[in-house]
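The values are calculated or read from the model by the stated rules, or taken from the named source; none is laboratory data. In this text, all values refer to a predicted model and were calculated from it rather than measured experimentally. Counting neighbours? That spans all protein chains shown, and the Cβs are built from the backbone with ideal geometry, glycine included.
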Ligand code: URA
């Protein structure tokens, strides 16, 4: 087999066989196919597309290109959750202990963030001493003992995707539905869960700006999950404005804790309840969503979800006292209000821009090597549809550097659009796609 012939075949719009896709991925991972040939192939796929069989073959080839986590030593149905990401998305911090408190086994691998705010691991490091650098043995025994563990990317999960994603990033071939779906699902399938719940975001702060594209991605990913024999459910949810009020690592952790105490923002609570209900049903602990929601309310009301977070933080070396006393979380030295210069209804918040404000303050990474400041960020006081008076606070900004604060403040104000007419915020949950 020659890579040249495969590029020619795809360029001409002819379907690639599973053997050809395996050849291409295994040799690319082993550095036997150069980047320039793979770039040409990615561009050919970008223009000619891939059908369902080809996308499934690509996903499985990438999933098998490195370690496949074996979770069979954990009893019960293991359920994983993945979000395509967005501003203020602290879902894993609140959702995983909620669901674990309902008896679902959470064995999750998470990453650090690049750009905007941090990833789940960065956020969890707001608990002094918390570590995700645990061995597979520690990971599995912790899930068996307390029902929840989150591990960093210590294993070599889907190295083909890692290499390919970096290549796509610099060759304008990221935004192809089959390539995105296979990239995300290869990592999820290699991570070993029996069931997968996906949160596909749409809107100005999401990867998929258009709702129809988010639904198409959700359909592709659930079909890939089904093909691999994993129960896969996707919801499409709004990311046209930040989720909840807090943006920034420790601030988001605090908001997640408040949510576990039943005092969280409505949108964030609703999202956790919806995803959680799907996870509980997929894990076989409730017969339907309604029953699962009752269970989730129960673990918030009786404090067991919060206790599960504390157990989890402690098991991974973190200071669990901060779960009960959030003043122990990292704190910024400068706290100021961002005052509105206009009066009217908030009719739009450019979501990405709010994430960039947090990045400017030091809460995100410009490059993979950047150090993150866990204490900085913003607490929004006004969201889409709210009325604001001139002189009223739009948000509280937490910073450690006056210059960065001023830059972020200016950028924040230009992300808000205020008008005379009332505007309804977009619906949070846009739909559900299930493959079973
Ligand atoms: N996230 C991924 O992991 N892969 C993509 O291709 C796009 C987003």
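Observations on the model:
- Within the stretch 1-10, the set of residues being under 18 Å from residue 57 (Cβ atoms) and either loosely packed, with under 15 Cβ neighbours inside 10 Å or touching a helix residue (DSSP H, G or I) at 6+ places or on another chain (Cβ under 7 Å) (or both) comprises 1, 3, 5, 6, 7, 10.
- Only one of 232, 154 that is closer than 30 Å to residue 103 by Cβ, modelled with pLDDT under 95 and more than 13 Å from the ligand (Cβ to nearest atom): 154
- Checked against the criterion of being touching a residue at least 24 places away in the same chain (Cβ under 8 Å) and near the ligand (Cβ under 9 Å from one of its atoms), the stretch 191-202 contains not a single residue that satisfies it.
- In the stretch 165-176, the qualifying residues are those that are free of Cβ contacts under 8 Å to residues at least 60 places away in the same chain and in a helix (DSSP H, G or I), and the one that is farthest from the ligand (Cβ to nearest atom) is 166.
- Residue ID - farthest from the ligand (Cβ to nearest atom), chosen from residues in the stretch 125-151 that are assigned to a helix (DSSP H, G or I) and touching a helix residue (DSSP H, G or I) at 6+ places or on another chain (Cβ under 7 Å): 146
- Among the residues making up the stretch 366-417, those that are under 25 Å from the mean Cα position of the chain (by Cα) and in a helix (DSSP H, G or I) are 408, 411, 412, 415.
- In the stretch 283-306 there is no residue that is without any contact (Cβ under 8 Å) to a residue 40 or more places away in the chain and touching a strand residue (DSSP E or B) at 6+ places or on another chain (Cβ under 9 Å).
- The residues of the stretch 66-85 that are in contact with a helix residue (DSSP H, G or I) (Cβ under 7 Å, 6 or more places away or on another chain), farther than 16 Å from residue 99 by Cβ and within 15 Å of the ligand (Cβ to nearest atom) amount to a single one, 66.
- Listed by position, the helices (runs of 4 or more DSSP H) enclosed by the stretch 272-358 that each have at least 1 residues that are surrounded by fewer than 15 Cβ atoms within 10 Å (Cβ to Cβ) are 289-301, 321-324.
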